[in-house]
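The values are calculated or read from the model by the stated rules, or taken from the named source; none is laboratory data. Computed from a predicted structure; not experimentally measured. Glycine gets a Cβ as well: all are built from the backbone with ideal geometry, and neighbour counts include every protein chain shown.
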């Protein structure tokens, strides 16, 4: 979980978003261990991800902790935004996978990354990758 590669230029994009004073979060159907490492690298304070259960001695039990249903990340976004007092129109969701349709629909600004046609249909902005971040940042005022 400590070996991963960030998308090209994502560190610059997130850094600029954080510098502008926006709240940032990772909401993923993946594991909290990996999400935590990525969040630390990018300076993202909020993480909602699934986990692995451990016993009192710290050993894995073989059970998972479901916090994020991949097809319903929108529910996590709505709850986090409510907790942070962020209005529906101020929510921004950035997604790149086939399970991100509802997630993007739940945001005031929906950003699709890549060439997924389902996401492109529901997105307000489509960027090929994070090298195109100036276009994305233009929407964040």
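Taken over the stretch 52-74, the criterion of being within 26 Å of residue 18 (Cα to Cα) and more than 13 Å from the chain's Cα centre (by Cα) is satisfied by 67 alone.
For residue 17, indicate whether it is touching a residue at least 24 places away in the same chain (Cβ under 8 Å), over 12 Å from the mean Cα position of the chain (by Cα) and buried (at least 17 other Cβ atoms within 10 Å of the Cβ). Judged against the criteria, residue 17 is a match. Only one entry in 58, 97, 114 is more than 26 Å from residue 12 (Cβ to Cβ) and at pLDDT below 95, namely 58.
Taking the stretch 29-141 as the region of interest, the strands (runs of 3 or more DSSP E) fully inside it that hold 1 or more residues being in contact with a strand residue (DSSP E or B) (Cβ under 6 Å, 6 or more places away or on another chain), at negative phi and exposed (fewer than 12 other Cβ atoms within 10 Å of the Cβ) are 46-54, 60-65.
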